[in-house]
1. Explain nothing, just the number: dipole magnitude of the chain about its Cα centre with +1 on each Lys and Arg Cβ and -1 on each Asp and Glu Cβ, in debye rounded to the nearest 20.
2. For the residue pair residue 50 and residue 440, what label-to-label distance in nm results when each label sits 7 Å from Cα along the Cα-to-beta-carbon direction?
3. Which aspartates and glutamates, on any chain, are close to residue 259 with Cα under 12 Å apart, when same-chain ones fewer than 8 places away are left out?
4. Keeping all protein chains in place, calculate the accessible area per residue for the chain (probe 1.4 angstrom), answer in Å².
5. Per residue, what volume in Å³ does the convex hull of the Cα atoms of the range 322-478 enclose?
6. Charges at C-beta only: +1 for Lys and Arg, -1 for Asp and Glu. How large is the resulting dipole of the range 425-472 about its Cα centre, in Debye rounded to 20?
7. Which one of 223, 264, 138 has its Cα pushed farthest toward the positive end of the charge dipole of the range 98-319, where Lys and Arg give +1 and Asp and Glu give -1 at the Cβ?
8. Per the 1.4 Å probe, what fraction of the accessible area of the chain, in percent, lies on carbon and sulfur atoms?
Amino acid sequence: MFGGEEIEITPGMQRYIDRNNEYLAKRAKYIRDVVKKWKFDTIAVHGLYSVEEAIEDYQGAIIEPIFMSASQAYRDSDELAAALAYLIPTWCYSRIANPSTYYYEWALALLEGYGFDGETSCCSTSSGMAAIMTAVQPFLVHTKHHVHEPRNFLATAQCYGGTFQQFNVRLMQERDIECRWVEDPTDIDQWASKIDGNTRFLYGELPSNPQLGFFDVAAVADLAHSHNLPLICDSTVATPALLRPICHGADIVVQSASKTLTASGFGIAGAVIARKDLMTNIDNDDLKKDFALYIKYLPNRDYGPNLHPMQAIMTLNDMRTLRSKMDLLSRNTMKVAEFLQGHPQVESVGYLGLPHHPLHELASKYMWLVDAEHDEQYGKPVNRYGHLMSFCVKGGAKPARKFFDGLQRIWRATDLGRIKSVATIPAISTHQQQGEEGRRLAHVPPNMVRLCVGAEHPDDIIADLDQALHKIKSRRAVGASKPAPVS
Ligand SMILES: *Cc1c(COP(=O)(O)O)cnc(C)c1O
């Protein structure tokens with residue numbers, strides 16, 4: 001059993017276990033015979049919450065109820081004992097589990113596992129950073145029972161600023177766990193050259209925020225597995241509507257559900273989704289067998305980075321239209337990228353959808369609008385590249401800030417994945433804390449603007465960008481004819 005503690009099973013407990021095993025078998029059959037046969041949209045809309053379950057257990061509520069209760073009561077001591085020993089599915093206490101987060105977890109497990117012929121499971125977390133922390137920590141434990149055991153892991157240098165801080169400061173500086181940055185993740189030899197006997201996992205963000213770094217997931221997964229190591233991917237920017245790393249060999253996916261999955265912007269949420277029976281050199285059967293359940297029941301029980309049930313249902317509600325949303329947002333972004341590409345005030349445009357982008361071909365291998373071939377509108381596979389793009393304003397940091405300050409409709413915020421267009425300057429926001437050297441490593445120049453295109457009509461976004469870009473030029477021209485300012 002979980003955690004390895006043996007307990008005596010009374011006949012009363014056994015009855016609960018039998019009853020719950022029956023329920024689990026029924027659920028597995030429902031997933032296998034019904035849910036796994038649905039298209040992506042149907043899974044996103046229904047998840048594991050069925051009409052039958054709603055009517056039997058939840059007074060017919062069409063939307064998954066929000067269980068704002070800290071804990072669960074039991075019929076008798078046998079049920080309590082069986083539940084707290086994790087012998088039957090339970091939610092017992094909301095730090096460990098909750099019926100609302102349960103539906104959120106299942107929806108994400110099924111969506112990330114769409115098209116994968118193995119099983120996936122999910123553990124919800126309070127944020128994307130908590131997802132990353134709880135995904136990597138179990139691989140960084142001491143295994144040889146001595147304090148100075150060297151441990152390392154590999155990670156793509158192009159990653160979210162918070163991830164850089166977590167790995168660089170919290171793990172490397174504060175805990176002496178070495179993060180070996182992979183500067184060019186498209187170079188498989190670079191990955192390979194950094195692995196040794198003390199490596200615990202490989203970690204990659206794709207596409208990366210904000211630089212849109214990318215790598216060959218299948219090749220890196222193969223490399224990891226050849227060393228008996230897991231590959232962990234941050235797939236926040238793609239969402240399962242465009243890319244599902246587990247289908248290409250990744251073992252674990254982390255999601256900042258605060259972003260596109262909660263496009264409405266109602267709050268912060270995260271998730272760890274893992275395949276069952278993953279590869280690792282850590283000798284722990286529970287961890288290998290069902291990683292998401294393991295972290296949920298043991299480490300996360302003890303650390304407590306749990307998701308609030310209210311937020312779980314809000315995010316779940318936003319996820320129902322994920323596929324069509326990602327299609328629309330990707331198409332809008334493509335239009336905006338094409339406009340910026342031709343603009344005289346713009347030095348360069350980074351969008352994976354642009355054919356000249358150095359990673360366009362690689363991204364095109366992996367980023368597909370899920371089920372486009374079953375869509376009446378398309379009827380064939382269609383590449384989509386998401387709604388994150390970046391561009392560099394000509395002339396350096398100053399004009400970039402002028403342009404930024406001139407935006408009228410696009411929101412200035414360190415945010416992405418919204419239904420509303422949002423822009424930021426990473427060097428002074430998300431990537432400020434890591435310093436110049438860290439930004440160089442992560443390819444974040446001071447004149448880079450990160451733009452996340454929303455669902456407004458693209459013409460209106462383009463008009464806003466155009467007027468703000470125009471301001472740089474006009475102010476400069478005016479300034480040139482004026483006497484130099486005194487200070
Ligand atoms: C925002 C973000 C995170 C962190 O997620 P939070 O929910 O803000 O904690 C991790 N990875 C990527 C790619 C992100 O964009």
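The values are calculated or read from the model by the stated rules, or taken from the named source; none is laboratory data. Just so it is clear, the model here is predicted, and its values are computed rather than measured. Backbone-built Cβ (ideal geometry, glycine too); neighbour counts: all protein chains shown. For the accessible areas, the whole protein counts, side chains as well, though only heavy atoms, and no ligand, DNA or RNA atoms are used. Shrake-Rupley method; radii C 1.70, N 1.55, O 1.52, S 1.80 Å.
1. With only Lys, Arg, Asp and Glu charged at Cβ, the dipole is about 2000 debye.
2. 6.0
3. 318, 415
4. 44
5. That works out to 116 Å³ per residue.
6. For the range 425-472, the charge dipole is close to 320 debye.
7. It is 264.
8. So the carbon and sulfur contribution to the accessible surface is 53 percent.
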